[in-house]
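Scroll down for the structure; my scribbles are underneath it.
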Amino acid sequence: MDKQELAAFLRSRRERVRPEDVGLPSGPRRRTPGLRREEVAVLAHISTEYYVRLEQGRAPRPSAEVLAGITGALCLTDSESAHLHLLAGTAALHAGAVRRDVRPSILAVIERLPQTAAIVLSADFEVLAWNDLAAALMEDFGARDRAGRNLARQAFPTVGSSFPADPPYGISDGAEFRRHVVMQLRTTLTRYPSDLAVTGLVEELRTGNAEFAELWERHDVQTAPVLSKTFRHPAVGPVTVDCDSLALTDHDQFLVLYTAPVGSPDADALALLGVLGAAQAHSR
């Protein structure tokens with residue numbers, strides 16, 4: 001149980017709930033945003049003293065019933081509720097490190113998708129595997145070391161890093177992607193609290209990138225799925241693709257697929273990149 005993170009998360013969620021959202025009068029005399037602690041306690045059917053201690057990081061581990069009451073009182077989403085249980089220690093944590101080995105069957109799948117750019121991401125955004133079309137659309141990840149293949153580092157360049165300030169690969173949804181990175185890393189850090197690579201990455205970005213630090217302090221964990229994005233490619237120009245992210249739950253990884261409708265100009269651009277990618281792969 002991470003008492004301090006749980007306390008900060010509860011405070012951040014409480015401050016975002018309007019009284020009228022839970023059937024309470026807003027009133028003119030409220031000096032702070034959101035609900036009062038005693039109001040949360042009443043709505044959650046727990047004592048005010050206990051809830052105050054939770055927000056102060058001094059309470060013992062809450063029960064599942066208490067967490068259910070708080071979830072309802074704070075109008076948490078499914079993702080936020082799951083994160084609450086992780087912080088409270090009532091969900092399974094991973095004692096080891098983030099998995100970085102990719103199943104051979106997944107490696108075979110991405111190589112059998114000639115019209116699809118495919119990558120496999122770890123829980124902390126390291127590109128673990130990719131096919132030739134992904135290398136042509138994005139970059140040859142094999143030319144980078146592990147740190148350079150981490151998309152979180154590319155999204156939030158720190159002082160002295162070699163990454164440009166622009167969104168990675170000229171993607172159209174740079175701001176949305178950065179928010180998604182922060183939210184996913186928060187979940188990953190909670191699930192792998194003893195993984196030095198994860199804790200080191202988060203600390204590096206918190207101290208080295210002001211935007212990351214600001215987003216981190218929001219304690220957000222809910223993210224909307226990205227259904228499409230546009231890559232600005234130096235050889236073929238803008239390429240708009242459908243984006244599907246499939247969870248590989250056994251390894252806690254993500255298979256990300258980029259495709260374009262058959263017969264579209266974007267599909268033609270991907271096909272051209274496929275030819276370029278095959279030529280580059282043959283020359284290596």
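Kindly evaluate Leu196 against the criterion of being modelled with pLDDT of 90 or more and either under 26 Å from Asp101 (Cβ atoms) or not polar (S, T, N, Q) (or both).
Answer is yes for this residue.
Here Gln184, Gln253 are screened, and the one residue that is at pLDDT below 95, closer than 27 Å to Cys75 by Cβ and among the polar types (S, T, N, Q) is Gln184. Looking across region 104-122 at every residue that is in a loop (DSSP other than H, G, I, E, B) and surrounded by 18 or more Cβ atoms within 10 Å (Cβ to Cβ), the one that is farthest from the chain's Cα centre (by Cα) is identified as Thr116. Among the residues of region 256-278, those that are among the β-branched types (Val, Ile, Thr) and modelled with pLDDT of 90 or more comprise Val256, Thr259, Val262.
Of the strands (runs of 3 or more DSSP E) lying entirely inside region 159-274, those containing at least 3 residues that are surrounded by fewer than 17 Cβ atoms within 10 Å (Cβ to Cβ) span 228-233, 237-248. Here Ser47 fits the description: open to solvent by 40 Å² or more (accessible area, probe 1.4 Å) and small (Gly, Ala, Ser).
Taking first residues from region 173-198 that are over 30 Å from Pro238 (Cα atoms) and partners that are of a type in the set (Phe, Trp, Tyr), the Cβ contacts under 9 Å between residues at least 6 apart in sequence or on separate chains come to Arg186/Trp216; Thr188/Phe125; Val198/Tyr192. Of all residues in region 14-42, those being open to solvent by less than 20 Å² (accessible area, probe 1.4 Å) and either in contact with a Cys (Cβ under 8 Å, 6 or more places away or on another chain) or modelled with pLDDT under 80 (or both) number 1.
Which one of Arg153, Arg99, Arg149 is under 18 Å from Phe254 (Cβ atoms) and without any contact (Cβ under 8 Å) to a residue 24 or more places away in the chain? Being under 18 Å from Phe254 (Cβ atoms) and without any contact (Cβ under 8 Å) to a residue 24 or more places away in the chain holds for just one of Arg153, Arg99, Arg149, which is Arg149. For region 127-144, the count of residues that are part of a loop (DSSP other than H, G, I, E, B), farther than 19 Å from Ser194 by Cβ and of a type in the set (Val, Ile, Thr) is zero. Here Phe125 passes the criteria (1) open to solvent by less than 40 Å² (accessible area, probe 1.4 Å); (2) modelled with pLDDT under 95; (3) within 19 Å of Arg179 (Cα to Cα); (4) touching a Leu at 6+ places or on another chain (Cβ under 8 Å) except the one numbered (2).
Evaluate the following for Ala59: is it within 25 Å of Ala91 (Cβ to Cβ), at pLDDT below 85 and either of a type in the set (Asp, Glu) or more than 27 Å from the chain's Cα centre (by Cα) (or both)?
Working: within 25 Å of Ala91 (Cβ to Cβ): yes; at pLDDT below 85: yes; either of a type in the set (Asp, Glu) or more than 27 Å from the chain's Cα centre (by Cα) (or both): yes.
It is true that Ala59 is within 25 Å of Ala91 (Cβ to Cβ), at pLDDT below 85 and either of a type in the set (Asp, Glu) or more than 27 Å from the chain's Cα centre (by Cα) (or both).
The values are calculated or read from the model by the stated rules, or taken from the named source; none is laboratory data. Quick caveat: nothing in here was measured; it's all calculated off a predicted structure. Neighbour counts are summed over all protein chains in view; Cβ atoms, including those assigned to glycine, are modelled from backbone coordinates with ideal geometry. Side chains are part of the model used for accessible areas, which takes the heavy atoms of the whole protein and leaves out ligands, DNA and RNA. Shrake-Rupley method; radii C 1.70, N 1.55, O 1.52, S 1.80 Å.
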